[in-house]
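As structure tokens, the structure follows; a few thoughts come after it.
The values are calculated or read from the model by the stated rules, or taken from the named source; none is laboratory data. Fair warning: this is a prediction, and the values are worked out from it, not measured in the lab. Here Cβ is always computed from backbone atoms with ideal geometry, including for glycine, and neighbour counts include all displayed protein chains.
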């Protein structure tokens, strides 16, 4: 049997599901998404030594790649239903695929998603995930921020960076937001959706991701970094890998937001003037050499 | 400006389209597919030195990666509407992206497809394409072959291999099925669909791809390799990269098939016995060391 077929059938096919929304068993040229509703769709690559270290256990490579991709659906106020998974790997082995498929299964258990298709081929380790979900009634775009909106993050910053540092010390205790990013639950994002004006997930660093909201919304922002924003140091605001939700909403919804997300932290407000002003808790302006992560 | 944003905005954004089916301009975490019908979806990676040579012009890298992926939609009796495109590249340059985006635009002009989103990141050159199209009324699966079905290919075999050999001699005259694979037109696949029992595209080699139809259909096949099957040599039946359609249909539809696809070649028939028997034109059994391509 050829190797591609061997690994697909032994490890990946058992991770797939057939149900009303995904009626076709894998083994054809395409998968089918049965849907009478509009779909949100997003595709993300995780590359060895760029998005994860070469030493990382294949279980976490899988879980992390899926979480990073799924986070983009949540960032638009919806929830992931399924995904296609393309694996590029130099030399597949049973050991690697056993761990990797455990990561897939655990992710699917945690988020109720389905693997419905993909591709396996040779090359530098690179995991490409195309994830989709039913469009929610209200689509949350980056461009929806309004002047005087409150700016929130769904949780403190720095857990991703801390998780990576712990991994580097070979401390693998869970939870670890770098190894197994925890995303907002379906219930939370569903409850939050009506109150949101704009949102993005913090993947590349708070300031860079906020600049994307401000750019698309043609607005600016004023932020104050109180002690409750970062778990470790001010570097957490540009570190990325947190996969918390960064969102804006009208002041009148503050209480509702706090009720849905008790750990949410208010950072500041959206302004008309198109610049992002960051101050420390004493009101002193803070400057940053870089706003966040750039792969190049 | 960060490099990722620079290349996305300068070269890839102008290749995207906004229309009724794809209502969201790029710049958000997801794209939207507006559809009240079921979707066929498929994802394929093209990796440097595995699927294309490192010296290949970026124009052809793009065109070829898109055609290879789109071919999977046609293989299920439907037609591609749009795609997401993930580019992993070690060091992006204006020169490379100019050529690459020309390849995208020409593919979209030739097939009426839309680029609606994707990802750009760092790593070994690897182009991941997730393509989708509206499900046709009748889905053509690999599993649909019936005993006594005629087996056809939509065109002779070997044009992919010949195109690659010409490229290696730096003969770049078009048409070249390796550099710019020509797929079935929307009209042809639409007209052909009602007559098909099973289909697959010949990407990895005729015998390997036929074995996939036979496996899924729980059938076998008997083939005769007459002079009109291969353009150069018998190796063409295991070479792959042809992106012709391999399909089966009832004998009564032979005339209809020939009318829609005048270049189609009949190879043999589907049998109850689960083996693939290949004979030459004198009826002598032919054996092959390998059935087709395996990336590993």
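Residues in the range A:20-61 that are within 19 Å of residue B:77 (Cβ to Cβ) and in contact with a helix residue (DSSP H, G or I) (Cβ under 7 Å, 6 or more places away or on another chain) were compared, and the one that is farthest from the other protein chains (Cβ to nearest Cβ) is A:26.
Residue check: residue A:8 meets all listed conditions (1) facing another protein chain (nearest Cβ under 8 Å); (2) in contact (Cβ under 8 Å) with a residue 60 or more places away in the chain; (3) surrounded by fewer than 24 Cβ atoms within 10 Å (Cβ to Cβ) but one, namely (1). You will find that of A:127, A:140, A:73, the residue that is part of a strand (DSSP E or B) and surrounded by 23 or more Cβ atoms within 10 Å (Cβ to Cβ) is A:127 and no other. Please state which one of A:235, A:227 is away from chain B (no Cβ under 14 Å), closer than 29 Å to residue B:6 by Cβ and modelled with pLDDT under 95. That would be A:235, the only listed residue that is away from chain B (no Cβ under 14 Å), closer than 29 Å to residue B:6 by Cβ and modelled with pLDDT under 95.
Against the conditions (1) in contact (Cβ under 8 Å) with a residue 24 or more places away in the chain; (2) over 23 Å from residue B:82 (Cα atoms), residue B:165 satisfies every one except (1). The residue list B:91, B:4 contains one member that is over 20 Å from the mean Cα position of the chain (by Cα) and at pLDDT 95 or above, which is B:91.
Among the residues that make up the range A:217-236, is at least one of them assigned to a helix (DSSP H, G or I) and either surrounded by fewer than 21 Cβ atoms within 10 Å (Cβ to Cβ) or assigned by TED's automatic domain parsing to the domain that holds residue A:40 (or both)? No, the range A:217-236 contains no residue that is assigned to a helix (DSSP H, G or I) and either surrounded by fewer than 21 Cβ atoms within 10 Å (Cβ to Cβ) or assigned by TED's automatic domain parsing to the domain that holds residue A:40 (or both). State yes or no: is residue B:66 away from chain A (no Cβ under 12 Å) and farther than 30 Å from residue A:201 by Cβ? Considered against the rule, which asks whether it is away from chain A (no Cβ under 12 Å) and farther than 30 Å from residue A:201 by Cβ, residue B:66 comes out as no.
Here the condition is being assigned to a helix (DSSP H, G or I), modelled with pLDDT of 95 or more and surrounded by 15 or more Cβ atoms within 10 Å (Cβ to Cβ); of B:242, B:209, it holds for B:209 alone.
Residue B:85 - would you say it is modelled with pLDDT of 95 or more and away from chain A (no Cβ under 12 Å)? No. Give the residue that is surrounded by the most Cβ atoms within 10 Å (Cβ to Cβ), with candidates limited to residues of the range A:252-296 that are within 14 Å of another protein chain (Cβ to nearest Cβ) and more than 15 Å from residue A:157 (Cβ to Cβ). Looking at residues that are within 14 Å of another protein chain (Cβ to nearest Cβ) and more than 15 Å from residue A:157 (Cβ to Cβ), I get A:295. Residue pairs whose Cβ atoms lie under 8 Å apart, sitting 6 or more positions apart in sequence or on different chains, and linking a residue in the range A:51-64 that is outside the structural domain of residue A:167 (by TED's automatic domain parsing) and closer than 24 Å to residue A:296 by Cα to a partner that is crowded, with 22+ Cβ neighbours inside 10 Å and modelled with pLDDT under 95, do not occur here. The set of residues from the range A:36-58 being crowded, with 20+ Cβ neighbours inside 10 Å and either farther than 18 Å from residue A:118 by Cα or under 15 Å from the mean Cα position of the chain (by Cα) (or both) comprises A:39, A:40, A:41, A:42, A:43, A:44, A:45, A:46, A:48, A:51, A:52. Restricted to the range A:128-156, and to residues there that are facing chain B (nearest Cβ under 10 Å) and touching a helix residue (DSSP H, G or I) at 6+ places or on another chain (Cβ under 6 Å), the residue that is farthest from residue A:86 (Cα to Cα) is A:143.
For the structure I just gave you, tell me whether residue B:166 is more than 14 Å from chain A (Cβ to nearest Cβ), out of contact with any helix residue (DSSP H, G or I) (no Cβ under 6 Å at 6 or more places or on another chain) and surrounded by 19 or more Cβ atoms within 10 Å (Cβ to Cβ). No, not satisfied.
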